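Please read the structure below before turning to the comments.
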Amino acid sequence: PVPSQPSQPTHGPGSSEYTHARVRVSKYGTGAKQYWTFTPDDPKPEQAPLVVFMHGWASFEPDTYGAWIKHLVRRGNIVIYPRYQESVRSVPKEFADNAATTIREAIARLHAGDIQPDLEKLAFVGHSMGAILSANIAQNADRFNLPTPRALFLAEPSFEPIVGIYDRIPAATLMVVAVGADAKRDSSVRKILQGSTLVPPENKNYVALPSDLHG
């Protein structure tokens with residue numbers, strides 16, 4: 001038989017237990033200060049947890065992560081997608097400031113709208129360079145005038161030029177670092193997991209996913 005992926009589970013994490021049938025998409029700003037908001041609809045909630053989705057290098061628009069974002073929103077979350085990088089020639093040291101500016105603007109815009117973001121349930125999802133930026137913003141939430149994320153999901157963190165110090169990420173933060181087992185990115189991963197000294201081991205999870213090249 002031809003190999004095939006397992007079907008989506010009907011219950012539990014990652015499942016098709018969707019509470020909303022549709023996703024509303026809005027786009028604002030230009031260049032590095034551009035961002036998108038994705039909100040659940042049908043039915044429209046009065047309030048929803050907030051996910052800030054930080055993309056990897058040069059994924060300027062959210063299409064690459066479309067299925068992931070749609071899944072998060074249909075499960076009942078608001079998603080903000082900051083662009084933060086105008087082009088491949090943009091200066092990396094500006095990325096965190098660009099992202100923080102658009103996140104603040106997006107939160108203010110959401111507060112003025114019909115679905116309120118629940119900032120007590122704020123999570124950052126970051127991929128590659130976006131994972132490094134998510135950890136850096138969590139470390140410096142006060143400086144960026146942003147609420148501290150309750151959870152960090154960091155997928156394959158990798159971008160050494162902007163790896164930071166993480167000793168002020170609060171102890172209550174729930175942190176998952178997920179990598180491909182074949183990826184050689186241990187340096188960035190170690191700096192995040194070992195550098196977040198306030199976060200106790202029971203609040204950290206390191207997940208290595210082995211590749212399956214069968215078929």
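Conditions tested, residue by residue: (1) touching a strand residue (DSSP E or B) at 6+ places or on another chain (Cβ under 7 Å); (2) open to solvent by 10 Å² or more (accessible area, probe 1.4 Å).
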{"site": "104", "(1), (2)": "no, yes"}
{"site": "107", "(1), (2)": "yes, yes"}
{"site": "116", "(1), (2)": "yes, yes"}
{"site": "119", "(1), (2)": "yes, yes"}
{"site": "123", "(1), (2)": "yes, yes"}
{"site": "126", "(1), (2)": "yes, no"}
{"site": "134", "(1), (2)": "yes, no"}
{"site": "138", "(1), (2)": "yes, no"}
{"site": "142", "(1), (2)": "no, yes"}
Residue list for segment 68-96, filter: aliphatic (A, V, I, L, M) and farther than 24 Å from residue 118 by Cβ: 88, 91
Residue 174, sole failed condition from (1) modelled with pLDDT of 95 or more; (2) surrounded by 18 or more Cβ atoms within 10 Å (Cβ to Cβ): (2)
Failed condition for residue 159, given (1) touching a residue at least 24 places away in the same chain (Cβ under 8 Å); (2) surrounded by fewer than 15 Cβ atoms within 10 Å (Cβ to Cβ); (3) not polar (S, T, N, Q): (2)
Failed item in (1) assigned to a helix (DSSP H, G or I); (2) among the polar types (S, T, N, Q); (3) within 24 Å of residue 24 (Cβ to Cβ), with residue 136 passing the rest: (3)
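The values are calculated or read from the model by the stated rules, or taken from the named source; none is laboratory data. Since the model is a prediction, treat every value here as computed from it, not as a measurement. Cβ: placed from backbone, ideal geometry, glycine included. Neighbour counts: every protein chain shown. Remember, those area values only see protein heavy atoms, side chains included, never the ligands or the DNA or RNA. Shrake-Rupley method; radii C 1.70, N 1.55, O 1.52, S 1.80 Å.
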